[in-house]
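Asks: Here it is, the structure, as C-alpha cells.
The values are calculated or read from the model by the stated rules, or taken from the named source; none is laboratory data. Given the structure is predicted, the values throughout are model-derived calculations rather than measurements. Every residue, glycine as well, gets a Cβ built from its backbone with ideal geometry; the counts of neighbours run over all protein chains shown.
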Amino acid sequence: MQWLRDILDKVAPLFEKNGKLEILHPLYEATDTILFSTDEKTESGPHIRDNIDIKRVMILVVVSLVPCYIFGALNIGYQESLTFGLSSDWKTNLISGLLKIGPILAVTFATGAFWEVLFAVIRKHSISEGFLVTCALIPLTLPATIPLWQVAVGTSFGIVIGKEIFGGVGMNIFNPALTTRAFLYFTYPAQISGDKVWAIAPDGYSGATALSIPAGQLDANAVTLLNNASINTVFDFSWFNMFMGWVPGSIGETNKIIIIFSALFLIFTGITSWRIMIGSVIGLVFTALLTNLLSPYSSNAMLTIPPHYHLVMGSFLFGTVFMATEPVTSSHTELGKWYYGFFIGMLTVIIRSINPAYPEGIMLAILLMNAFAPLIDYFVVKSNIKKRMTRYAQ
Amino acid sequence: MKEIVLKKGHNIRISGVPSTDSQSLITSKKVGVSPNSFRNVKPKLMVSEGDIVSIGSPLFYDKTKPKVKWASPASGVISKISYGARRVIEKIEIKVNGKDKIINDLKNIENLQDASRNDIINFLLDANLFHLIRERPFNRVADPDKKPRDIFISGLNTGPIAVDLSKIINENKAALQTGLTAISKLTTGKTYFTSSQNHNFKNVENQIIFGQHPAGNVGIQIHHTKPIKPNDIVWTIDAQHLLTIGRLFETGSYDPSMTVTIGGSGARAPFIAKVNACVHVEDLIINQNLNKQKIRLVSGDVLTGQTISQNDFLGFYDSTLSILNDTVKRPFLGMLSIGNSSTKYSLTRVFLRLTDKLFNFTTAQNGELRPMVPISAWEKVLPMDIFPNELYRAILAEDIEEMEKLGIWECDDEDFALCSFSCPSKIDVGRVIRDGLNLIEAEA
C-alpha cells in the first residue's frame, strides 16, 4: 500500500496551511487517518497509550450492525413475497431487499457526510467518526418503503439539529439517529403513520406490525389477537417467529437473535454498557408484569401483553442495544446507568400500553430519558457529594 | 492492621522489565539537580560555578521557605549552572571527585525515642534534606512550619518497570525502622506504612494493600485510609527516601545512593542498578546500544515521567529510567485490523489479544484527540470514590466550588495517569486534574 501512502503524502501540502485546498483540510485528514492509522505521538501525560481510539469504537459498532442489514434485506424480500403470494428463495429475497436498502443507505451516508464535512470545514475541526454510526443506524430504524427525499431531510435534521448545533459529537443531548426517526415520525406520519409505526409496507400493501395489532383493541387478550392475525393474514405473529424476525417491521429491528449476539459482542469488547441493557430489560419485564396485573380492571388489550411478548415485539431490543447505550446521551455514572435503563424499559411499556396512538414506545422512551439522563447523574453525583460533605464536617 | 482491597486498576504489561536477580553498581562522574523540577519552589542559589561541594552541603534554598535547603547529592566541583527562559535555574551540574560527606551533629538525637518534633525537624533541616518530605494536597515539598494531620509512606511500587520495594524493605528493616521512629514524631496523628505484606514496623500503623496499579500510589492509599479534607495537610515520603532518612539518623550523614531500574520497550538490556541520586542519564544508558534507534528517554515511569535527554539527570523523586521506542508506524486500515497480542494492547477487548505477553509499547498516541465519548474507560481504572467525568468537567468550567465538592483535594495527577492511558478520546485527564489543583492552589 506504499503507492497509496506516497500519493497521500504527495498531495498533503495542498491541504496544509496556505495550500490551495487548505479549506478542505478536515476532509484530507479524515481520509488520511482512516486509510492509515495516525502517527501522532504522545506529548504530555502518559508516554504510552491504549490502542483503542474513537475510530475503533465507532467502526466496531458499525460492524455489529452489519448482520442486522443482511437479515433486514432477507426479511424485506421475504415479506414482499408473502404479500404478493409469491414463492421465493433466499437469494431473490436478499437481492430484492438489498435493492431497497441500498438507496436508503446511500442517501443517508451522502447526506450525513455532507453535513459533517460542511460543519468540520466551517468550524475548522476534524471530522468526527461518530457520524458513521449515526448514518449506519438511521436506515435500520426506517421502513423499507420510505421515500428517499424524506431520508435526506430526516438525516439532515438529525445530524444538524440533533448533533451539530450542540457542537458535534460528544456535546449532543439527543441521540442523532433517533432524532431523525422522531422527526420523520412526526413530520411525515403518512409514510410512517401512527398505527403502522416501524412497519414495512410492501408495495401497494398496508402491512401491520405486531404492536399495531392489539393497539386500540378493547376487551381482548393480546396474544389471542396475535394468534388470530397469524391465521387471518399472511404473516405469522407467533412468539418464536417474532423472535426469529420473519415479521413486518423496520429494516433492522426484527431479528432478535442477531440483536442479542450483537449486544453480547459489544459488551464483550467493553465499549457499551451492559448495565443499561440489563436495566432496561428489567424495567420492561417489571412494568409488563404490572400491566398484566392491572389488565382485569381495564379493557385495554395492550395491558395483557406478557413480558416475553413485549421483548420480541417492535424494536425494544434494537433500541436498547444500539440507541439507549449511546455513551454521550446516556447516563455517565455507573449507578445512573441502571436507573436510566430501567426507566427506558418502564416508559416503553407505559407508552405502548397507555397510548394506542404510539404503539411503539421505545423511540420516545429513549429520547425522553436522553433528556433526563443529566438529572439522574445529578442525583447520583449529589449523593456522592453528600457523603463527602458529611465526612468533611466530622 | 488494616487491609485495603482494590478491584479497579491495571498493571501495564510493558516489555523491557529488568530481571530481579542481578544488580549493578554504577559510579557516576557527573550528577545534577534541577531546581525547577520541584513544584512551587523559588530557588535561590547558594553556590556558583567552580565551587567545591561535599555530599550534604547546600546547593540552593527556597525563597518562600528559606529554612528548606537542598543538599548536594555528590562531592566535587560545580561544573556548570544552566539557566532557561526568564533565568529559571534549569540544572546545577556537579563533577564528582571524592566522597566527602558532611557529618551532622547527633548530640540532640542520642535517644531517638525521646526526641521532640522540633529536634527531628531541625535535624532534617540542618542536613539539608527536608525536601525528601512532600505534602498533599498538591504534592509539593513540605513546609516545616506546618503540622501534618498524618504521614503516609507507600512500601509498594505498582507502576510500569518500577523498583521492587519489598526486596529493599526486607534488606534494610533496621534503618527503615529508625526512619519511621523519627518521622512518626513529626505528626500528632498517625504514620501509615502501606505495603503488599505486613512488615510489622513499630511506632506506625502497618497496612496491607491488594490490587493492581495504582495501588502503590500513596494518593490512593490515603484515599482508602483517611481521605484528605480541605485544609488538611498530609505528608508523604518515598520508601527509598525513608531509608535515606533512616541512615541519616543512624550515621549522621547523607547517603545519596538509591536503587533504580532502567527498562522499557526501547531498552536493549534492562537492568537494576544502585546509583547516586540525580545520576547522569548517559551513565545509565551506556550499555544499551541506543545509537541507531529512535528512542525517547523518560525520567520516571512511562505513565507519569518527564521526557529527558541523555545529557540530563534522573529526577530527584524518580527511581526509573524508561526507554521507549520512538518510531511510530502507520498501518494500512489499522482501524479495521483484528489485532493480535504483539500489535495491539488495550484494556478493552476491541482487539483480539489471546496471550498476556509483554507488549512492545511505542510513543504512539494511537489515535487523535476527540471530544469525550464516555465509555467508562476512566472509571474502570480509577480505584477512588470520585467521579472523574464530572470532576473533569468542573475543572474545565473552572468551577472551584464544584471541584471541591467532587473531591479535588483527594486527587493528584499521578493517580489519574491510567485514565489518560486508557481514554479512547486521548484526553490527558491527569493534566486537567493538575490544572484543577493549580487553580485551587492559586485560590488558597
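Asks: So, of the residues in the range A:38-54 that are touching a helix residue (DSSP H, G or I) at 6+ places or on another chain (Cβ under 8 Å) and crowded, with 24+ Cβ neighbours inside 10 Å, which turns out to be nearest to B:Ile338 (Cα to Cα)?
Replies: Only one residue tops the list, namely A:Ile52.
Residue-by-condition table, conditions (1) crowded, with 24+ Cβ neighbours inside 10 Å; (2) touching a residue at least 24 places away in the same chain (Cβ under 8 Å); (3) outside any loop (DSSP other than H, G, I, E, B):
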| position | (1), (2), (3) |
| --- | --- |
| B:Ile386 | no, yes, no |
| B:Glu390 | no, no, yes |
| B:Ile427 | no, yes, no |
| B:Arg431 | no, no, yes |
| B:Arg434 | no, no, yes |
| B:Leu437 | no, yes, yes |
| B:Ile440 | no, yes, yes |
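Asks: Suppose we keep only residues that are among the charged types (D, E, K, R) and at the interface with another protein chain (Cβ under 8 Å from one of its Cβ atoms) within the range B:405-444. Which one would you say is nearest to A:Pro327 (Cα to Cα)? Steps first, please.
Replies: So the first thing to find is which residues in the range B:405-444 are among the charged types (D, E, K, R), and the list is B:405, B:410, B:412-415, B:426, B:428, B:431, B:434-435, B:441, B:443.
Filter once more, so that each one left must be at the interface with another protein chain (Cβ under 8 Å from one of its Cβ atoms): B:405, B:426, B:428, B:431.
Values: B:Lys405: 25, B:Lys426: 16, B:Asp428: 19, B:Arg431: 23 Å.
So the residue we want is B:Lys426.
Asks: Pick from the range B:310-342 the residues that are more than 8 Å from every other protein chain (Cβ to nearest Cβ) and of a type in the set (Ser, Thr, Tyr): which of them is farthest from the chain's Cα centre (by Cα)?
Replies: To start, the set of residues in the range B:310-342 that are more than 8 Å from every other protein chain (Cβ to nearest Cβ) comprises B:310-321, B:323, B:325, B:327, B:337-338, B:340-342.
Next, from what is left, pick out any that are of a type in the set (Ser, Thr, Tyr): B:317, B:319-320, B:327, B:337, B:341-342.
On the way: B:Tyr317: 5, B:Ser319: 7, B:Thr320: 9, B:Thr327: 27, B:Ser337: 37, B:Ser341: 30, B:Ser342: 29 Å.
Filtering the range B:310-342 for residues that are more than 8 Å from every other protein chain (Cβ to nearest Cβ) and of a type in the set (Ser, Thr, Tyr), the one farthest from the chain's Cα centre (by Cα) comes out as B:Ser337.
Asks: If you don't mind, another one. Which ones in the range B:261-280 are under 21 Å from A:Ile48 (Cα atoms) and either touching a Phe, Trp or Tyr at 6+ places or on another chain (Cβ under 6 Å) or buried (at least 22 other Cβ atoms within 10 Å of the Cβ) (or both)?
Replies: To start, the set of residues in the range B:261-280 that are under 21 Å from A:Ile48 (Cα atoms) comprises B:261-271.
Hits for the range B:261-280 are B:Thr261, B:Ile262, B:Gly263, B:Gly264, B:Ser265, B:Gly266, B:Ala267.
Asks: With the requirement that a residue be β-branched (Val, Ile, Thr) and more than 27 Å from B:Asp232 (Cβ to Cβ), what does the range A:362-394 give you?
Replies: Kept after step one, since they are β-branched (Val, Ile, Thr), are these residues of the range A:362-394: A:362, A:366, A:376, A:380-381, A:385, A:390.
A:Ile362, A:Ile366, A:Ile376 - these are the residues of the range A:362-394 that are β-branched (Val, Ile, Thr) and more than 27 Å from B:Asp232 (Cβ to Cβ).
Asks: Let me ask another. Look through the range B:273-309, keep the residues that are more than 10 Å from every other protein chain (Cβ to nearest Cβ) and at positive phi, and return whichever of them is modelled with the lowest pLDDT.
Replies: B:Asn289
Asks: Name the one entry in B:Ser342, B:Ser346 that is at negative phi, in contact with an Asp or Glu (Cβ under 7 Å, 6 or more places away or on another chain) and surrounded by fewer than 24 Cβ atoms within 10 Å (Cβ to Cβ).
Replies: Details: B:Ser342 fails: in contact with an Asp or Glu (Cβ under 7 Å, 6 or more places away or on another chain).
Result of the check over B:Ser342, B:Ser346: B:Ser346.
Asks: I would also like to ask the following. Where the second residue is of a type in the set (A, V, I, L, M, F, W, C) and not in a helix (DSSP H, G or I) and the first is on the phi < 0 side of the Ramachandran plot and lies in the range A:274-297, which pairs have Cβ atoms under 7 Å and are six or more apart or on separate chains?
Replies: Within 7 Å, the pairs are A:Ala288/A:Ile305.
Asks: Let me ask another. Residues of the range B:10-58 being at positive phi and either touching a Lys or Arg at 6+ places or on another chain (Cβ under 7 Å) or away from chain A (no Cβ under 14 Å) (or both), which ones?
Replies: Applying the first criterion (at positive phi) to the range B:10-58 yields B:16, B:40, B:50, B:56.
Residues satisfying the conditions are B:Asn40, B:Gly50, B:Gly56.
Asks: OK, next. Being surrounded by fewer than 21 Cβ atoms within 10 Å (Cβ to Cβ) and within 24 Å of B:Gly246 (Cβ to Cβ) narrows it down to one residue among B:Leu45, B:Leu125; which is it?
Replies: Details: B:Leu45 fails: within 24 Å of B:Gly246 (Cβ to Cβ).
Going through B:Leu45, B:Leu125 in turn, the sole match is B:Leu125.
Asks: Any idea how many residues of the range A:54-92 are in contact (Cβ under 8 Å) with a residue 12 or more places away in the chain and within 14 Å of chain B (Cβ to nearest Cβ)? If you could, list the steps in order and put the result at the bottom.
Replies: From the range A:54-92, those in contact (Cβ under 8 Å) with a residue 12 or more places away in the chain are A:54-55, A:57-62, A:64-65, A:67-85, A:90, A:92; that's our starting set.
Those left that are additionally within 14 Å of chain B (Cβ to nearest Cβ): A:54-55, A:57-62, A:64.
Selection size over the range A:54-92: 9.
Asks: Right, here's the next one. In the range B:150-176, which residue that is surrounded by 19 or more Cβ atoms within 10 Å (Cβ to Cβ) and over 17 Å from the mean Cα position of the chain (by Cα) is farthest from B:Pro43 (Cα to Cα)?
Replies: Once the filter is applied, the top-ranked residue is B:Ile169.
Asks: How many residues, within the range B:141-174, are assigned to a loop (DSSP other than H, G, I, E, B) and either modelled with pLDDT under 90 or within 28 Å of B:Arg117 (Cα to Cα) (or both)? Working first, answer last.
Replies: Let us first name the residues in the range B:141-174 that are assigned to a loop (DSSP other than H, G, I, E, B), namely B:142-149, B:155-164, B:172.
With the extra rule that they be either modelled with pLDDT under 90 or within 28 Å of B:Arg117 (Cα to Cα) (or both), the set shrinks to B:142-149, B:155-156, B:172.
Selection size over the range B:141-174: 11.
Asks: B:Phe359 versus (1) in contact with a strand residue (DSSP E or B) (Cβ under 9 Å, 6 or more places away or on another chain); (2) under 19 Å from B:Ile26 (Cβ atoms): which is the lone unmet condition?
Replies: Tallying (1) in contact with a strand residue (DSSP E or B) (Cβ under 9 Å, 6 or more places away or on another chain); (2) under 19 Å from B:Ile26 (Cβ atoms), B:Phe359 fails exactly one: (2).
Asks: Separate question: How many of the residues in the range B:353-384 are acidic (Asp, Glu) and touching a helix residue (DSSP H, G or I) at 6+ places or on another chain (Cβ under 7 Å)?
Replies: As a first pass, look at the range B:353-384 and keep what is acidic (Asp, Glu): B:356, B:368, B:379.
The next check asks that each one be touching a helix residue (DSSP H, G or I) at 6+ places or on another chain (Cβ under 7 Å); those that pass are B:368, B:379.
So the count comes out to 2.
Asks: Can you tell me which residue is farthest from the chain's Cα centre (by Cα) among those in the range A:371-394 that are within 14 Å of chain B (Cβ to nearest Cβ) and under 28 Å from A:Arg181 (Cβ atoms)? Lay out the reasoning, then the answer.
Replies: Initially, the range A:371-394 is screened for residues within 14 Å of chain B (Cβ to nearest Cβ), giving A:373-394.
In the following step, the residues that additionally are under 28 Å from A:Arg181 (Cβ atoms) were identified as A:373-378.
Working: A:Ala373: 17, A:Pro374: 20, A:Leu375: 22, A:Ile376: 22, A:Asp377: 22, A:Tyr378: 25 Å.
Going through the qualifying residues, I end up with A:Tyr378.
Asks: I'm trying to understand the selection: among the residues of the range B:350-371, which are within 8 Å of chain A (Cβ to nearest Cβ) and outside any loop (DSSP other than H, G, I, E, B)?
Replies: Answer for the range B:350-371, where residues must be within 8 Å of chain A (Cβ to nearest Cβ) and outside any loop (DSSP other than H, G, I, E, B): B:Thr362, B:Ala364.
Asks: Can you find even one residue in the range A:323-343 that is under 24 Å from A:Ala301 (Cβ atoms), in contact (Cβ under 8 Å) with a residue 12 or more places away in the chain and surrounded by fewer than 24 Cβ atoms within 10 Å (Cβ to Cβ)?
Replies: Taking the range A:323-343 and keeping what is under 24 Å from A:Ala301 (Cβ atoms), we get none.
Checked against the condition, which is being under 24 Å from A:Ala301 (Cβ atoms), in contact (Cβ under 8 Å) with a residue 12 or more places away in the chain and surrounded by fewer than 24 Cβ atoms within 10 Å (Cβ to Cβ), the range A:323-343 yields no hits at all.
Asks: Given (1) touching a Lys or Arg at 6+ places or on another chain (Cβ under 8 Å); (2) surrounded by fewer than 24 Cβ atoms within 10 Å (Cβ to Cβ); (3) of a type in the set (Gly, Ala, Ser), identify the lone condition not met by A:Gly314.
Replies: (2) is the only condition that A:Gly314 fails.
Asks: Just for strands (runs of 3 or more DSSP E) wholly inside the range B:1-116: which have at least 2 residues that are out of contact with any Leu (no Cβ under 9 Å at 6 or more places or on another chain) and among the hydrophobic types (A, V, I, L, M, F, W, C)? Write out each step before concluding.
Replies: Working: elements: B:2-5, B:30-33, B:43-45, B:58-62, B:65-71, B:76-83, B:89-96.
Strands (runs of 3 or more DSSP E) meeting the threshold: B:2-5.
Asks: Turning to a different aspect of this structure: Among the small types (Gly, Ala, Ser) and either free of Cβ contacts under 8 Å to residues at least 40 places away in the same chain or more than 30 Å from B:Ser15 (Cα to Cα) (or both): is that true of B:Ala162 in this structure? Even if it seems obvious, please write down each step before you answer.
Replies: Details: among the small types (Gly, Ala, Ser): yes; either free of Cβ contacts under 8 Å to residues at least 40 places away in the same chain or more than 30 Å from B:Ser15 (Cα to Cα) (or both): no.
Spelling it out, it is not the case that B:Ala162 is among the small types (Gly, Ala, Ser) and either free of Cβ contacts under 8 Å to residues at least 40 places away in the same chain or more than 30 Å from B:Ser15 (Cα to Cα) (or both).
Asks: Which condition number does A:Met363 fail, the rest of (1) modelled with pLDDT under 90; (2) touching a Pro at 6+ places or on another chain (Cβ under 9 Å); (3) of a type outside the set (D, E, K, R) being met?
Replies: Here A:Met363 meets the rest and fails (2).
Asks: Also, quick follow-up: Quick one: in the range B:372-384, of everything that is in a helix (DSSP H, G or I) and touching a Ser or Thr at 6+ places or on another chain (Cβ under 8 Å), which residue is nearest to the other protein chains (Cβ to nearest Cβ)?
Replies: First, the residues of the range B:372-384 that are in a helix (DSSP H, G or I): B:379-381.
Pick out the ones that are also touching a Ser or Thr at 6+ places or on another chain (Cβ under 8 Å) and you get B:380-381.
Working: B:Lys380: 8, B:Val381: 10 Å.
Among those residues, the one meeting the criterion is B:Lys380.
Asks: Additional query: If you scan the range A:1-17, which residues turn out to be surrounded by 10 or more Cβ atoms within 10 Å (Cβ to Cβ), more than 14 Å from chain B (Cβ to nearest Cβ) and among the charged types (D, E, K, R)?
Replies: Once the filter is applied, which keeps residues that are surrounded by 10 or more Cβ atoms within 10 Å (Cβ to Cβ), more than 14 Å from chain B (Cβ to nearest Cβ) and among the charged types (D, E, K, R), the range A:1-17 yields only A:Glu16.
Asks: Same structure again: Could you tell me whether the range A:78-95 includes any residue that is modelled with pLDDT under 85 and either in contact with a Lys or Arg (Cβ under 9 Å, 6 or more places away or on another chain) or not assigned by TED's automatic domain parsing to the domain that holds A:Val169 (or both)?
Replies: Looking through the range A:78-95, at least one residue is modelled with pLDDT under 85 and either in contact with a Lys or Arg (Cβ under 9 Å, 6 or more places away or on another chain) or not assigned by TED's automatic domain parsing to the domain that holds A:Val169 (or both).
Asks: Could we say that B:Phe351 is in contact with a Gly (Cβ under 7 Å, 6 or more places away or on another chain), over 20 Å from B:Gly264 (Cα atoms) and of a type outside the set (Val, Ile, Thr) here? It would help to see each step written out before you state the result.
Replies: Values: in contact with a Gly (Cβ under 7 Å, 6 or more places away or on another chain): yes; over 20 Å from B:Gly264 (Cα atoms): yes; of a type outside the set (Val, Ile, Thr): yes.
Judged against the criteria, B:Phe351 is a match.
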